[in-house]
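Notes for the one structure printed next.
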Amino acid sequence: MGISKYSWLDFGLTSVGLPLFLVDVVLDVLAAEQFYREGAYGCLGLLLLFLVGSSVLVQVYSWLWYGYDNFEMRTEVEKSVSQCSLKLFHFVQLGIYFRHLGVLETAVKTVFLKNAEAGGQAVCLSHDLSMLRIVETFSESTPQLVLMLTIFLQKALKAVGSAMAVAYCVTTYHRSLRSFLTDKNKQTLVSSIVFFLWNLVLISSRLVALALFASVLPCFIFTHFLCSWMIFFFLAWRWLYRATVALVWYFNWFNVVEGKTRYTTTAYHLFILADMAVLSGVWCWKMSTDPPEFEVPLPYAAVTVGCVLLVYILGLVLKVLYYKWFHPNVGKEELKGDGAEAVMVSDEVDSMSRSIEAPPQPEPYNRRMRKLAENFYS
């Protein structure tokens, strides 16, 4: 067997194989420790199952292959231990290290000592090692990757679900306002879907901008909230109600102003868009100058900021489409639930006639919601 069968590239791959294997072990231990500290015992159990099961499977294959080769020891590393000791090392899950060291030994002899026989052994032993790594990959690394992705997606889906819950809450509130329309003008499924979508897009992009800022300057997010809340606080009215509306405005627009609100709404969204640009810009700047525990390259950070702002603009476009095609404009007198509709019974009405035909009862309605409907549809 010629020396050319084992190249410098093969030697490089072999040399980094053992350190990578050790790094993988350390990362597995750190992942298990993190699950334990978080109290995620179910995930910890699955991770340990993958690690132990894969290790046992690989050690069994390694030991069986030694048996198939009649325990022929081809390297000095392997010859330095007895068959009994080799069996013990496999039992304590260390047998594969001998294969790594054996391949590394033959690789050094091939590349530096120009030993042709060692070159053939290096190729042969590396084949066994690569097959064992395949077994390990698909019995440990791949299931572990699925587990990690599942956890990540659960957290991501939880965040998406929370955002959808907020948008759904706003949509149901909107449909409650629609109940004050005499004919429920244009209260179609498409109308509710468009209303839901633009709220979801606006709220999600706003929350992402706040999260990006909080990830690099967590101590200042409360200051930002307090400053923004005070601005919104003085734009609303009534003390408790003012504070509550200001809290909602920190995240999304809530129509509580009488009369036309086109300019007020436009000013609000311009303010929020500028605020999001500042928050996302600070996050991008911190990533390039003083990144936290995680680091995002500047080009990706810039793309992230651009996407956040574009998503918010997309939400504004959807909102404009809703108001153009689905939002009814009605006056106060056209809304149901006016107090004047209550039918009063005169004292002069004959008691017998009252017992025969009961007077019609006014339709019940929520005065607070009707007031909000007046602001929303006027």
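The values are calculated or read from the model by the stated rules, or taken from the named source; none is laboratory data. Just so you know, these numbers come straight off a predicted model, no measurement behind them. Here the Cβ positions follow ideal geometry from the backbone for every residue, glycine too, while neighbour counts run over all protein chains shown.
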- [ ] Looking for whichever is crowded, with 17+ Cβ neighbours inside 10 Å and at pLDDT below 85 here; the options are Gly17, Gly12. Which one fits?
- [x] Gly17
TODO: Tell me which residues, restricted to segment 277-308, are in contact with a helix residue (DSSP H, G or I) (Cβ under 6 Å, 6 or more places away or on another chain) and polar (S, T, N, Q).
DONE: Ser280, Ser288
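Here is a yes/no grid of residues against (1) β-branched (Val, Ile, Thr); (2) within 23 Å of Thr172 (Cα to Cα); (3) over 20 Å from the mean Cα position of the chain (by Cα); (4) assigned to a helix (DSSP H, G or I):
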{"residue": "Leu200", "(1), (2), (3), (4)": "no, yes, no, yes"}
{"residue": "Ser204", "(1), (2), (3), (4)": "no, yes, no, yes"}
{"residue": "Leu207", "(1), (2), (3), (4)": "no, yes, no, yes"}
{"residue": "Ala211", "(1), (2), (3), (4)": "no, no, no, yes"}
{"residue": "Phe222", "(1), (2), (3), (4)": "no, no, yes, yes"}
{"residue": "Phe232", "(1), (2), (3), (4)": "no, no, yes, yes"}
{"residue": "Leu235", "(1), (2), (3), (4)": "no, no, yes, no"}
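What do you reckon, is Thr261 of a type outside the set (Phe, Trp, Tyr) and at pLDDT below 75? Spell out how you get there, then give the answer.
Details: of a type outside the set (Phe, Trp, Tyr): yes; at pLDDT below 75: yes.
Judged against the criteria, Thr261 is a match.
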Open item on the list: Quick test of your reading of the structure: Glu140 fulfils all but one of (1) at pLDDT below 80; (2) assigned by TED's automatic domain parsing to the domain that holds Ala107. Name the failing condition by number.
Closed with: (1)
- [ ] Please report, ordered by residue number, the helices (runs of 4 or more DSSP H) entirely within segment 35-131 with at least 1 residues that are crowded, with 17+ Cβ neighbours inside 10 Å, assigned by TED's automatic domain parsing to the domain that holds Phe11 and in contact (Cβ under 8 Å) with a residue 60 or more places away in the chain.
- [x] 41-68, 95-112
- [ ] Find all pairs meeting these conditions: Cβ atoms under 6 angstrom apart; at least six residues apart or on different chains; first residue within segment 260-277 and exposed (fewer than 11 other Cβ atoms within 10 Å of the Cβ); second residue hydroxyl-bearing (Ser, Thr, Tyr) and modelled with pLDDT of 95 or more.
- [x] none
- [ ] Give just the number: which of (1) at pLDDT 55 or above; (2) farther than 27 Å from Val201 by Cα; (3) assigned to a helix (DSSP H, G or I) does Glu293 not satisfy?
- [x] (3)
Open item on the list: Name the residue that is surrounded by the fewest Cβ atoms within 10 Å (Cβ to Cβ), counting only residues in segment 143-166 that are farther than 25 Å from Leu30 by Cβ and modelled with pLDDT of 80 or more.
Closed with: Ala165
